[in-house]
Structures are given as structure tokens and as C-alpha cells.
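Asker: This structure is in C-alpha cells; I'll ask about it shortly.
The values are calculated or read from the model by the stated rules, or taken from the named source; none is laboratory data. Since we're looking at a predicted model, the values are computed, not measured. Ideal geometry is used to build each Cβ from the backbone, glycine not excepted, and the neighbour counts take in all protein chains shown.
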Amino acid sequence: MGTRPIGVFDSGVGGLTVLRALRAALPNEDFIYLGDTARLPYGTKSAATVTRYSLQCAAALVLRDIRCLVIACNTASASALPALRLSHPSLPVIGVIEPGAQAAVAMSPGGHIAVIATEGTIAGGAYQEAILRHKPDARVTARACSLFVAMAEEGWNDGPIAEAVAHRYLDPIFAESGAPDTLVLGCTHFPALMAAIGSVVPSAVRIVDSAATTAAAVVQALRKEAPAGTAAASAPSGRVTWLATDGAARFARVGTRFFGETVPVDAVQIIDL
């Protein structure tokens, strides 16, 4: 069982922040990453369409004999998680929203939590609902920070421009008394902007990186599947298989920024869903 890979999918390259955290937590595991780059962004699509796309991504990964499915996309986690679990009942299926919400509730001393994400994720209310499910008396402040996505993909992760945009988005949330004590990065692109975001929010604010919390949830799920001491036929090799639905060159170029390691363009296999 230990040699079967972990499947990870996203609408594009933002989910590579999740894969980066997964690789840090599970360096010897094999992964298959699928970026549905032909049909991004998911955030502007209807929930029904996102669910259909997500089921197709999952099916492509299941065909490659994965042992765990990670939805490294906030929009897909919000729209498609129930359908994915129903379609693959024997497979651990983990999204990014629930781990982030749980971590925020656990970390927030006063129960006032801010969530920043794309417009679609904020409008859908998935983080707000998840936080209130764990802490019904929590106060949630949500703000769409759509420009952060383009900045992350351009590599404008820090410096004057990134900090100016971060001030524009975040100052109205944190500049007044009674501001949130915890901030959830509710988009897989946003951890790439951690330096800029961290430089403009008050130092006492706890920042929840949903990529890191998702990786912790995957580790926990795999322990349930294979308790400590379970022997594998052979040890995993720590490899990543790269799949995309369009644009191998752009996937490799932009993906390298998010992943923190070189994504070789000739290693990116284009598949049709």
C-alpha cells in the first residue's frame, strides 16, 4: 500500500502550495498532481460545473491507483467534496476548507476570525459556514482579495507593490479596534504572498495557512489507513508525477514559483479530461 501515490488536483497551479506542504510533511511519499489548466479558473464557474470538473479530475487520478485524494482548491472543496466522497467511498478525500477552519477556531483566542479568499469562495460562504460549525459564536469577517491571485502568479510576492495592495485589502479589516485576532488564507495562491501579508497585519494576528493545515489532515488520514508499523512492499520514492490539461510551458514556469522547486517542462504530461 505504501507505494501507491497520493493524488492532488487543482484548477491550476495554486494547489502547488498544498503539494509543497504535503512534500514537506511526507517527503518519501509519491504524488500525482493534476492541474486542470484548460478550464481554469474554477472560481467563476457554477457549483454544478465545478463539481463535474472535479469528478473528472478525480476519475483521472483514481485510474492511476491513488490511495488518497487531496482537493487542493478552495472552490472545488466548497462545491464538490460531498460528490467526490460519494463517488469514491473507499478513498480518503480531503479538501482545504475544513482543516483551515478547524485550525482557525483552535488558534483564535477571541473567536474573531478574518477570511481572505477569491470572490467566488467568499460569496459561497464555505469558510464562514465551516468556522461557525466548529464555533457557533465565532465572528467571521470575510473579504475577497482577487488581485492577490494574479500577483502570486506574476511572482510579485513581496516588495512595495505587494505591500501596497495588501494594505489596501487588509487595513480596513485590521486598522480598527476590535479587529480579528486570526487570519485565514482561504486561497491556495495566498501562501505565496505570506511575506507581504505578514508585513501589514498586526504582529499579534495568527495567520492560518490552509496548505499547511491540509497537509496535517492528510498525514492524519494516512495514519488511520495504515497504522504505525504497517510494512509496505517497498518504500515510496518521493517522486512527483505532473499532469495538466493545457499549457505545459506556463504550468512549469508559474508552477515552479508556487512549488519552490523546478517543475521540468518536459515532465509535464498533457491529458484530456
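Yes/no per residue for (1) modelled with pLDDT of 95 or more; (2) of a type in the set (A, V, I, L, M); (3) not in a loop (DSSP other than H, G, I, E, B):
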| position | (1), (2), (3) |
| --- | --- |
| Ala249 | yes, yes, yes |
| Ala252 | yes, yes, yes |
| Arg257 | no, no, yes |
| Asp266 | yes, no, yes |
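Asker: Give me the residue from the stretch 123-161 that is in contact (Cβ under 8 Å) with a residue 60 or more places away in the chain and in a helix (DSSP H, G or I) and, out of that set, nearest to Ala101 (Cα to Cα).
Answerer: Ranking the candidates gives Gly124 first.
Asker: Considering Ala150, Ala144, which residue is of a type in the set (A, V, I, L, M) and surrounded by 19 or more Cβ atoms within 10 Å (Cβ to Cβ)?
Answerer: Details: Ala150 fails: surrounded by 19 or more Cβ atoms within 10 Å (Cβ to Cβ).
Matching residue, one of Ala150, Ala144: Ala144.
Asker: Hey, another quick one. Out of Ala164, Ala179, report the one residue that is part of a loop (DSSP other than H, G, I, E, B), surrounded by fewer than 22 Cβ atoms within 10 Å (Cβ to Cβ) and at pLDDT 95 or above. Step through it out loud before you land on a result.
Answerer: Details: Ala164 fails: part of a loop (DSSP other than H, G, I, E, B).
On inspection, the qualifying residue turns out to be Ala179.
Asker: To continue, here is another question. Could you tell me whether Ile66 is within 23 Å of Pro191 (Cβ to Cβ), modelled with pLDDT of 95 or more and buried (at least 20 other Cβ atoms within 10 Å of the Cβ)?
Answerer: Working: within 23 Å of Pro191 (Cβ to Cβ): no; modelled with pLDDT of 95 or more: yes; buried (at least 20 other Cβ atoms within 10 Å of the Cβ): yes.
Considered against the rule, which asks whether it is within 23 Å of Pro191 (Cβ to Cβ), modelled with pLDDT of 95 or more and buried (at least 20 other Cβ atoms within 10 Å of the Cβ), Ile66 comes out as no.
Asker: Just the residues that are under 18 Å from Leu19 (Cβ atoms), buried (at least 24 other Cβ atoms within 10 Å of the Cβ) and of a type in the set (A, V, I, L, M, F, W, C), please, taken from the stretch 85-109.
Answerer: Ile94, Val96, Ile97
Asker: Here's another thing I want to ask about it. Give the residues of the stretch 1-52 that are without any contact (Cβ under 8 Å) to a residue 40 or more places away in the chain, farther than 19 Å from Phe258 by Cα and among the aliphatic types (A, V, I, L, M), sorted by residue number.
Answerer: Residues satisfying the conditions are Ala48, Val50.
Asker: Just checking, which of Gly14, Gly7 is among the small types (Gly, Ala, Ser) and at pLDDT below 95? Break it down into steps so the answer makes sense when it comes.
Answerer: Working: Gly7 fails: at pLDDT below 95.
The conditions single out Gly14.
Asker: Would it be correct to say that Ile94 is within 18 Å of Pro191 (Cβ to Cβ) and out of contact with any Lys or Arg (no Cβ under 6 Å at 6 or more places or on another chain)?
Answerer: Working: within 18 Å of Pro191 (Cβ to Cβ): yes; out of contact with any Lys or Arg (no Cβ under 6 Å at 6 or more places or on another chain): yes.
For Ile94, the condition - within 18 Å of Pro191 (Cβ to Cβ) and out of contact with any Lys or Arg (no Cβ under 6 Å at 6 or more places or on another chain) - is met.
Asker: Of all the residues that make up the stretch 1-28, how many are surrounded by fewer than 24 Cβ atoms within 10 Å (Cβ to Cβ), part of a loop (DSSP other than H, G, I, E, B) and of a type outside the set (S, T, N, Q)?
Answerer: Total satisfying the criteria: 6.
Asker: What number of residues within the stretch 55-86 satisfy the criterion of being closer than 22 Å to Gln220 by Cα and part of a loop (DSSP other than H, G, I, E, B)?
Answerer: Of the residues in that region, 5 qualify.
Asker: Filter the stretch 198-218 for residues that are free of Cβ contacts under 8 Å to residues at least 60 places away in the same chain and in a helix (DSSP H, G or I); which is surrounded by the most Cβ atoms within 10 Å (Cβ to Cβ)?
Answerer: The selected residue is Val200.
Asker: Also, I was wondering about something else. Test Arg133 against the criterion of being over 19 Å from Thr17 (Cα atoms), among the basic types (Lys, Arg) and assigned by TED's automatic domain parsing to the domain that holds Val18, and give yes or no.
Answerer: Criteria not met by Arg133.
Let's see how each residue does on (1) within 26 Å of Gly15 (Cβ to Cβ); (2) within 17 Å of the chain's Cα centre (by Cα); (3) in the same structural domain as Asp10 (by TED's automatic domain parsing); (4) not charged (D, E, K, R):
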site: Gly120; (1), (2), (3), (4): yes, yes, no, yes
site: Gly125; (1), (2), (3), (4): yes, yes, no, yes
site: Ser146; (1), (2), (3), (4): yes, yes, no, yes
site: Glu154; (1), (2), (3), (4): yes, no, no, no
site: Tyr169; (1), (2), (3), (4): yes, no, no, yes
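Asker: Moving to a separate point now. Condition check: buried (at least 24 other Cβ atoms within 10 Å of the Cβ), touching a strand residue (DSSP E or B) at 6+ places or on another chain (Cβ under 6 Å) and farther than 15 Å from Val218 by Cβ. Does Val115 satisfy that?
Answerer: On the way: buried (at least 24 other Cβ atoms within 10 Å of the Cβ): yes; touching a strand residue (DSSP E or B) at 6+ places or on another chain (Cβ under 6 Å): yes; farther than 15 Å from Val218 by Cβ: yes.
The answer is yes for Val115.
Asker: Taking the stretch 46-63 as the region of interest, how many residues are of a type in the set (Lys, Arg) and surrounded by 19 or more Cβ atoms within 10 Å (Cβ to Cβ)? First the steps, then the outcome.
Answerer: Narrowing the stretch 46-63 to residues of a type in the set (Lys, Arg): 52.
With surrounded by 19 or more Cβ atoms within 10 Å (Cβ to Cβ) added as a condition, the list becomes none.
Number of matching residues: 0.
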